[in-house]
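*Asks:* Pasting a structure here, questions to come.
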Amino acid sequence: MKKILIAALFIAAPLLFTACNDSGTTETNSTDSTSSTAATDSTRGDKPADTTSMANNITPSKESIDFATKAASGGMLEVQLGQLAQQNAKSQRVKDFGNMMITDHSKANEELKSLATSNNINIPSTLSPRHKQHYEMMSRMKGTDFDKHYMDMMVEDHKGDIDEFKKEANNSNNDVFKNFAAKTLPTLQKHLDSAQAIHGK
């Protein structure tokens, strides 16, 4: 009887040893699988996408590209006419308004240039032919004639600018230009209010 029990133990022992090893392998495989899944989540992007980042990377529409191009030329004209006002204007209020145009539009122009570069958009570095023609015509004006024409133009230009910037702020498919337009609108409104106050005098 004892011989039978001893023989049975010899047979059962290797089976138990094998079963333990198999269990350990299963746990290891399970752990490896979990680690692999975790790695996949972080490297393959299975986690929810960062929608803010994706929105900023959307290629600007034709409308946004046109907006940036027009805003660049218009902004340069505002700066150059502001500089012209320092020389040709008679009224100190007009000169001060021109100085505000130089400061505010120079800042906006630099920001727009940077945004355009980051979005692979080529914006003009010189005035458009129409803006250049207008500048040359006004460069021949002096004193009261310059003041009147300049302030007439500033009222009308800023009304048009505000419309264009509102359109971009509300409809752009690219967050970069959308935010730029929205952020610049209060400054343009301040310019229009000042221009209308001076024009009314």
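*Asks:* Please give the charge dipole size of segment 102-201, origin at the Cα centre, charges +1 on K and R Cβ atoms and -1 on D and E Cβ atoms. Round to the nearest 20 debye. Could you put the intermediate results ahead of the total?
*Replies:* Details: 14 positive and 15 negative charges, 18 e Å.
For this selection, approximately 80 debye.
*Asks:* Related question: Under a plain spin-label model, where a point goes 7 Å from the Cα along Cα-to-Cβ, how far apart in nm are GLN86 and THR117?
*Replies:* The modelled label-to-label distance comes out at 2.4 nm.
*Asks:* Now a separate question. With 25 Å as the limit, write out which pairs from LYS90/LYS167; LYS62/LYS113; LYS107/LYS178; LYS142/LYS167; LYS113/LYS159; LYS90/LYS166 have Cα-Cα distances beyond it, or answer none.
*Replies:* LYS90/LYS167; LYS142/LYS167; LYS90/LYS166
*Asks:* SER114: net charge of surrounding residues, Cβ under 14 Å, Lys/Arg +1, Asp/Glu -1, itself excluded?
*Replies:* +1
*Asks:* Still on this structure: Order the peptides 189-197, 66-74 from the highest to the lowest mean number of other Cβ atoms within 10 Å of their residues. If you can, show how the numbers build up before the last one.
*Replies:* On the way: 189-197: 16.3, 66-74: 20.0.
Going from most to least packed, we get 66-74, 189-197.
*Asks:* Given a Förster distance of 30 angstrom, what is the FRET efficiency for ASP145 paired with MET100, based on the Cβ-Cβ distance and rounded to 0.05? Before the final figure, lay out each step's value.
*Replies:* Numbers: r = 21 Å, r/R0 = 0.71.
Computed FRET efficiency for ASP145 and MET100 comes out at 0.90.
No lab work stands behind these numbers, since they all come straight from the coordinates. Source: prediction; values computed, not measured. Here the Cβ is made from the backbone with ideal geometry for all residues, glycine too, and neighbour counts use every protein chain on show.
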